[in-house]
Structure formats: structure tokens, C-alpha cells
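Q: Attaching a single structure in C-alpha cells format; questions to follow.
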Amino acid sequence: MEPIILFLMVLTLLFLGVPIAVALGLSSVLTIALFSADSMSSVALQLFSASQNYTLLAIPFFILASTFMSTGGVARRIIRLAVASVGHFRGGLAMASVLACMMFAALSGSSPATVVAIGTIAIAAMRQVGYSREFSAGIIANAGTLGILIPPSIVMVVYATATNVSVGRMFLAGILPGLLAGLMLMIAIYIVARRRNLPSEPWQGFGEVMAAGKDAGWGLFLIFIIIGGIYGGAFTPTEAASVAAVYSVLVALFVYRDMGPLKGKPWIPEGTDARAIVGFKATVYALAIFVVWMISSFFFLGSIETATRAQISLVLALVVLLGYPYARQQPSPLTFVAGLPVWGYNLALIARRLVPALFHGDTNKALVDSAKTTVMLMFIIVNALLFAHTLTAERIPQTITEWMLGAGFNWFTFLIAVNVLLLIGGQFMEPSGLLLIVAPVVFPIAMELGIDPIHLGIIMVVNMEIGMVTPPIGLNLFVTSGITGMSLAQVVRAALPFVVVLLIFLVVVTYVPVLSTLVPYAMMGPEVIIGR
């Protein structure tokens, strides 16, 4: 009886327009207070436990990193690289938008942030070369969903919290499905482009690819730091999130200088002579080679002594430092000395503006925006965890498990039921809240049926993707509507053809588990569940 009352209260409050977090928390408290044998003290204990969850600490840091990457000009540079790479295909600008979403997803971990950052620029660019507004909006709305599938992903952190599985394995599991989803969307775009005779961008050569990659390198290096750092053993996923946040702030304020007090100030002042420019670039590339090699060798060649790795890094850096000027017709081994005044100018500039940058209006706005998003999301998560606790206290997951096993469900039919449940729920609920409600219920059943917990997590994340582009509560639809000025109905119609691609992708991910398990098994072994 108590489970029926609990679900009825949740549904009633949702239909009355009560925010989902309040509906979940209030229903749980009332059920415990009035109908359950569980103590009310468990409410306070559960709320305290949720606030102390170490894994959840990664979420605010990833949100902060995403905010600074979204406002720090990284998206514009990523789009340039994507266009240089695939823009010359038929429908290339649309395909480049998908590729840009994939790359930005690996920085942000957020689907709405990906839509805003990439869509604001890409949709306007597609409109300028003749793409329809509907086609452009449909592509961005769907490609933006990759923000929660390609690691790092906030939704994956939430699933790991709800089921006590490894965040690191979840991140690894999202790599192949994320690449496949992006490829499927680009193939669909190419087919449509051939039929509609959509334009292609001129091929600008590998020089432009290299230049665009160099320009976007500081942003894309964050992917290497997060993924390499976690799997190289340098830090945990939560520590990786904090490193990502600090790195994003430094890149946005002091490297790209697209915000803050240094906005618009070039690294190389006007009037600098050619020899000084070459010398400065030589030191930059040498330093970059040294740092990249030291980090990558730590991740992948940890058995080699630090002194040996440092010596190799130093040799490589010296080769670049002395060789680059020769490649730029400055045949002097001391050319790099001419670039030192440029370094002095910039370091002095950064030192003078360091403290003002931390209190600048742009910085404050980014911090406030990330704080708002964090509070909203964490409020939903804490109340959803309380709801999940109430379900467990009433033995609802165990009861459903016994019923489904007694009814003859096997892994194949069970996954069909999970997909249907999540596809329907995803139309009405925010992904993190829905996942925290459903995961504790379906997880024990999946374990009984021998389904890999990491595979189940990827299936649930893909369902959350589709929920973000299906009405009435699809968040990506609202975000796309906001940046395009289209009505919600227009965005829904525009997104629908590509939702079909994601549904096909869901079937593939569901019944080809090796896509989700290959990489995590190869690098970390299978997930071991204890006490389930």
C-alpha cells in the first residue's frame, strides 16, 4: 500500500506543477512520516549522507569548468577545427557542427552547455551558407545530447553515485558509444545533404587543420588532462574535475583572453619585430612539448624514472627551441633570446591583472551562473536520493525484482522494458532526477539477470539523451528554441528526423554490449559489485 501512496503523491504533485525536486522530497517525507515504519531520523541522515558524497563533489567542478569553457572562446576555436577537418564534405558545415559538439562534450559534460556554446555560433554559420533554420536547429538539438554521453559526463557521475559503480569505468564506457553516435548523425547528415544538394565548404588544406588545431589546443588539452589523469592514476574523477575547473579558469582569463580584464589584449604586442615573434613562438612550442611529454609519459610510461623522462622531455624541447627558428628562416641558435621580452611583457601583464581578473564582472557572472546550475542540480539530486532511500526502505526494488523474475523476464525482454520506461519518463523529467529514481529499482534486477552494470549505465545515459530532445520537457528543445527564436513546436519538428537516428543507436547500444564494455574491460577490468 505504501508504494502506491508514494507514487500517487509524486504524480499528483508533478501534475499540479510542483518542481520535481520538491515533489520527490515532500512525497518521501510524508510517506515516511505517515505510512512507513521507517524513522523520521532517516530523512536527516539521508540528506546529510547525500551532502557528504565524495563522488557528487565532481559535479560543481565540472559545471564550473563547462561555464568558463563556454564563455572563454573555446567553442569558436573548436568549430574552426571541425570545419577545417570535415567541412569539405557535402553538408560539411552541418557535419562539422556535430564534430564540434563531440569535442565540446568532452570538455563540458553537459548537454545544454554544448547546445548553447556550439549552437549559438554554428546555427548562424549554417544559415549564412544556405541551410534552413529548421535543419540547423534539428542538428544542434540532437548533437548537443552527446554532452552527457561522451566523457566526462555529469549524468554518468549521477549514475555511479546511485549504483556505487566506478565513475572511471563509466567514463571509459562512453567513448565508443559517443563516437558511434556522432558518426551515425554525420552519416545521416551526409545522406540528407546528397539528396538536398546542400553546400560544402572549400578544402583549405592540412595547413588550416594544423593552424586550427593549434588555436584550439589549449581547450582540447583539457580532455587529455581529465582522461589521461584519471586512467594514468594521477587523480580520481573528483580530483580531475577540480583540476579541470582551475585549468578552465586560467585558460579563459589568461591564455585565450576572451573574458576578464585582459580581454582583447594580444600576446604579441603590435610592432614586435619578426625575430622576436619567432623566438617567442619557439619558446612556447618548446615549453608545450616539454609539458605534454612529461604528463603523457607519467600517464603511459610510469615505470620509467622521473629523471629519465625529464631528460627526454628536455632533449625534445631543445630540438624544438633550436629547430623552429631555422624552419622560419631565422638561422640563429639564440633566436629564442629575442622572444624573452615578449614573455616579460605578458608575465608582467598577468601579474598586474591576476587579482582583478578573479573579481572581474565576467568572472563573477561565470561563477554565479555555475553556482545557480549547481544548486538547482544538487537540490534535485539530494531529493531524488531521499526518494530512492524511501523506495529501498519499503523494499520496492526487491518486490519488483521478484515479480519480474517470477514472470519469466530474461535479459532481452528486461532491457526492452527498461528502455520503454526511460523513454516515457525522459519526456517528463530531468535526466539526473529520473536516473536516481529508476536506477535503484532496475539495478538489482539487472544484476540478477547477469547484465553488466556499466552496460546498463550506458543504456540509461542514452535514454536520457533521447529524453532531452523529446517533448514536453526535453531541455535541449527549450535551449535550442531560445538561441534560434523558433517556437517549441518548430524545434520539435526539426529535431524529430534525427531522433530516429538516436533511437536506432539506442537499439545498437542495448543489444551490442561490447560497445560499452570493450574499453573499460581492456583498461580497468570488469566492474565488481559487492553486497548486491
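The values are calculated or read from the model by the stated rules, or taken from the named source; none is laboratory data. Predicted model only: the values in this text are computed from it and were never measured. Here the Cβ is made from the backbone with ideal geometry for all residues, glycine too, and neighbour counts use every protein chain on show. To get the accessible areas, we keep the full protein, side chains included, count just its heavy atoms, and leave off ligands, DNA and RNA. Shrake-Rupley method; radii C 1.70, N 1.55, O 1.52, S 1.80 Å.
Q: So what's Rg/Rh here for the range 94-136, counting alpha carbon atoms and using the Kirkwood radius for Rh?
A: Taking Rg over the Kirkwood Rh, I get 0.99.
Q: Determine which lysines satisfy two conditions relative to residue 214: a Cα distance under 16 Å, and not lying fewer than 8 residues away in the same chain.
A: In chain and number order, the partners are 281.
Q: Also, I was wondering about something else. Mind checking the per residue accessible area of the chain for me, 1.4 Å probe, whole number of Å²?
A: On a per-residue basis, 43 Å².
Q: How many percent of the accessible area of the range 329-370 is carbon or sulfur, using a 1.4 Å probe?
A: Reported share for carbon and sulfur atoms: 74 percent.
Q: What nm value, rounded to one decimal, do you get for the distance between residue 365 and residue 399 when each label is placed 7 Å out toward the C-beta?
A: 5.2 nm
Q: If each residue of separation counts as 0.36 nm, what is the full-extension length gain between residue 379 and residue 328 once their alpha-carbon separation is subtracted?
A: Extending this stretch completely gives an extra 12.8 nm.
Q: Can you compute the helix-only [θ] at 222 nm over the chain? Use -39500 (n - 2.57) per DSSP H run of at least 4 residues, normalise by all residues, nearest 500 deg cm²/dmol.
A: -24500 deg cm²/dmol, from helical runs alone.
Q: Fully extended, how many nm does the chain gain between residue 40 and residue 508 (0.36 nm per residue separation, minus their Cα-Cα distance)?
A: Stretched fully, the residue 40-residue 508 segment lengthens by 164.0 nm.
Q: Compute the orientation-averaged projected area for the range 397-484 from the convex hull of its Cα atoms and round it to one decimal in nm².
A: 5.7 nm²
Q: Here's a follow-up. Tell me, what % of the accessible area of the range 228-282 is carbon and sulfur with a 1.4 angstrom probe?
A: Of all accessible area on the range 228-282, carbon and sulfur atoms account for 60 percent.
Q: How many percent of the accessible area of the range 1-50 is carbon or sulfur, using a 1.4 Å probe?
A: 79 percent
Q: How would you order 244-257, 429-442 from highest to lowest mean count of nearby Cβ atoms within 10 Å?
A: 429-442, 244-257
Q: Let me ask something additional. Tell me whether the range 26-98 comes out rounded, prolate or oblate; compute the Cα gyration tensor, take square roots of the eigenvalues as a ≥ b ≥ c, and use a/c under 1.5 as the rounded threshold.
A: prolate
Q: If I model a spin label as a point 7 Å beyond the Cα along the Cα-Cβ vector, how far apart are those points for residue 358 and residue 30 in nm?
A: My value for the distance between the label points is 4.7 nm.
Q: Let me ask something else. Sorted by average packing, counted as other Cβ atoms within 10 angstrom per residue and highest first, what order do 281-292, 444-455 take?
A: Per-residue mean Cβ counts within 10 Å order the peptides as 444-455, 281-292.
Q: Moving to a separate point now. Mind checking the alpha-carbon convex hull of the range 65-130 and giving the volume per residue in Å³?
A: Value for the range 65-130: 68 Å³ per residue.
Q: Between residue 350 and residue 206, what is the spin-label point distance in nm, taking each point 7 Å from the Cα along the Cα→C-beta axis?
A: 3.2 nm
Q: From the mean inverse distance of alpha carbon pairs (Kirkwood) and the Cα radius of gyration, derive Rg over Rh for the chain.
A: Ratio of gyration radius to Kirkwood radius for the chain: 1.00.
Q: Seen from all sides and averaged, what is the projected area of the convex hull of the Cα atoms in the range 1-157, in nm²?
A: The number I arrive at for the range 1-157 is 12.1 nm².
Q: Which of the lysines could a cross-linker bridge to residue 372, judged by Cα under 27 Å and excluding same-chain residues fewer than eight apart?
A: Result set, ordered by chain and number: 263.
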